[in-house]
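These notes concern the structure reproduced below.
What follows is calculated from the coordinates using simple rules that are stated; it is not laboratory data. This is a predicted model, so every value here is computed, not measured. Cβ atoms come from the backbone with ideal geometry, glycine included; neighbour counts cover every protein chain shown.
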Amino acid sequence: MPIKVQRDLPAKAILEEENIFIMDEDRAMSQDIRPLEILILNLMPLKEETETQLMRALSNTPLQVDCTFLMLSTHVSKNTSASHLNKFYVTFDDIKKKKFDGMIITGAPVENLEYEEVNYWPELSMMMEWSKTHVTSTIHICWGAQAGLYYHYGIPKYPMKKKLSGIYNHRVLDRKVPLVRSLNDFFLAPHSRYTEVRKEDILKHPELAILAQSDEAGVFLVMSRDGRQIFVQGHPEYDRMTLNNEYHRDLNKGLNPEVPYNYYEDNDPFSAPPLTWRNTSNTLYTNWLNYYVYQVTPYLLDAEE
Ligand SMILES: CC(=O)SCCNC(=O)CCNC(=O)[C@H](O)C(C)(C)COP(=O)(O)OP(=O)(O)OC[C@H]1O[C@@H](n2cnc3c(N)ncnc32)[C@H](O)[C@@H]1OP(=O)(O)O
Ligand SMILES: N[C@@H](CCO)C(=O)O
């Protein structure tokens, strides 16, 4: 893939090490093809890690993908430096007059709060409203998916009895939908959360389709039937060690976490876990870019619909 990466973004060296084809800004600008413009609202506290994960997931296509990272103006990030944000991120005011081919709204570790207790809920709501008219298709991840289903459809989230953490098996429910094309009938993907949205609430909305689910982890993938909104309750973009890092973080905090389900070989939390979901992540994001972004977005983004 040619993914355009800002010259000094820390993700660049990591992706190059993985043989991912990076275009720097000069080479990208010399190409005569309009790139796909993807806006990434990064709500995760460890933003640099998420930047790498998402750019990797978007990198498996010959289409040129230009990512713009969006930050909040109404929340001061505790865990990512202001210098990183000021250098690599834009604010909503900077881009609100533009249109984008795609948008990704990430998860955030705020799912135990009511939506209205999240200090950036008004700003996030405004961005989700804006996305309906300024973005061709938006993917929402984990808490971002729960927040999107709540904002757009009034679907509630529920606390789970205990944290759901691990690699769960899922089943594709409707093979005809291009978003799940090339996924196996059964596939593995990570989940890491304290809350859930439930199938019975989603089924009340005929404009939504549940495309994949897990007996143990519940709903995985939901799409509005027009393809403009996609909700992923898991974290297919996670790295090999992400759940490991969360587990050891919680262990060191004395939270007595359970070992992530179906993750380590022999359930040994001091071993390196096998990566069993990368092809699922690549397939999902590549299908999204191909069928829901590239094939339907207008060539002239700013043209009136
Ligand atoms: C469920 C999902 O969607 S995905 C899960 C997200 N998981 C991860 O990001 C894994 C990596 N994260 C981590 O390991 C941890 O969050 C850490 C180590 C970075 C920080 O953990 P803690 O010290 O326990 O929590 P901390 O007080 O920093 O709060 C976590 C985040 O919630 C935010 N937060 C807390 N209360 C509020 C609130 N009322 N409104 C908005 N944000 C809030 C914090 O600001 C922080 O986010 P930020 O860094 O973007 O500012
Ligand atoms: N994935 C999250 C869940 C909490 O929001 C974590 O463990 O950090």
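Points to keep in mind about this one:
- Hydrodynamic radius by Kirkwood, which averages 1/r over all alpha carbon pairs of the range 54-127, in angstrom: 14.4
- Here the simple spin-label model places points 7 Å from the Cα toward Cβ, and for Tyr299 and Lys199 these points are separated by 4.5 nm.
- Dividing the summed helix terms, -39500 (n - 2.57) for each DSSP H run of n ≥ 4, by the number of residues in the chain produces a 222 nm estimate of -7500 deg cm²/dmol to the nearest 500.
- Taking 20 °C and 1.002 mPa s as conditions, the range 209-305 diffuses translationally at an estimated 132 µm²/s according to Stokes-Einstein applied to its Kirkwood radius (Cα pairs).
- In units of the compact-protein estimate 2.2 N^0.38 Å, the range 43-86 shows a Cα radius of gyration of 1.32.
- Under a model in which nothing but the beta-carbon of Lys, Arg (+1) and Asp, Glu (-1) is charged, the chain shows a dipole of about 400 debye around its Cα centre.
- Antiparallel content of DSSP bridges confined to the chain, in %, to 5: 45
- Here's the list of lysines a cross-link from Lys163 could span, going by alpha-carbon distance under 24 Å and ignoring same-chain residues fewer than 8 apart: Lys47, Lys78, Lys199, Lys253.
- Tail weight of P(r) past 18 Å, computed on alpha-carbon pairs of the range 21-145, percent: 54
- Residues in the range 170-194 that a label on Asp215 would reach, taking backbone N under 15 Å of a point 7 Å out along Cα→Cβ: 170-172, 186-188
- Solvent-free Debye scattering, log10 I(q)/I(0), computed from the Cα coordinates of the range 101-245 at q = 0.09, 0.12, 0.14, 0.18 Å⁻¹: -0.25, -0.46, -0.64, -1.09
- Relative to the globular-protein estimate of 2.2 N^0.38 Å, the Cα radius of gyration of the chain stands at 0.96.
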